[in-house]
Amino acid sequence: KGIRINSIIPGPIDNTEGMKRLAPNDAIRAAVKKSVPLQRMGSTDDIANACLFLASDFASYITGAVIPVDGGWAQGGAALVGAGLAEMLKSTPK
């Protein structure tokens with residue numbers, strides 16, 4: 001009772017180990033950025049700010065939420081993700 005549990009789903013976050021592995025070159029990084037509606041990768045500060053909000057009194061009535069912090073990337077649906085993936089694959093050296 002009284003416990004709040006929420007989760008954050010990060011999108012493409014710049015300067016993280018995940019993006020270094022998933023977008024190892026400039027062409028793939030550009031394709032990822034282009035596939036995000038906000039036209040940029042997120043930052044670790046974007047994730048930290050979402051965590052701080054959820055831990056604050058401003059979010060005292062929020063529980064069970066799944067919050068994407070992805071610049072709208074997932075909201076584009078399969079077409080947006082698919083287009084970005086296709087472009088990334090074209091850019092990947094063989």
Subset of region 49-85 that is part of a helix (DSSP H, G or I) and under 17 Å from residue 19 (Cα atoms) - its residue that is modelled with the lowest pLDDT: 81
Filtered residues of region 6-33 (kept if surrounded by 14 or more Cβ atoms within 10 Å (Cβ to Cβ) and in a helix (DSSP H, G or I)): 19, 27, 28, 29, 30, 31, 32, 33
Count of region 41-51 residues which are within 11 Å of residue 8 (Cβ to Cβ), surrounded by fewer than 16 Cβ atoms within 10 Å (Cβ to Cβ) and of a type outside the set (Gly, Ala, Ser): 2
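The values are calculated or read from the model by the stated rules, or taken from the named source; none is laboratory data. Computed from a predicted model, the values in this text were never measured in an experiment. Neighbour counts are summed over all protein chains in view; Cβ atoms, including those assigned to glycine, are modelled from backbone coordinates with ideal geometry.
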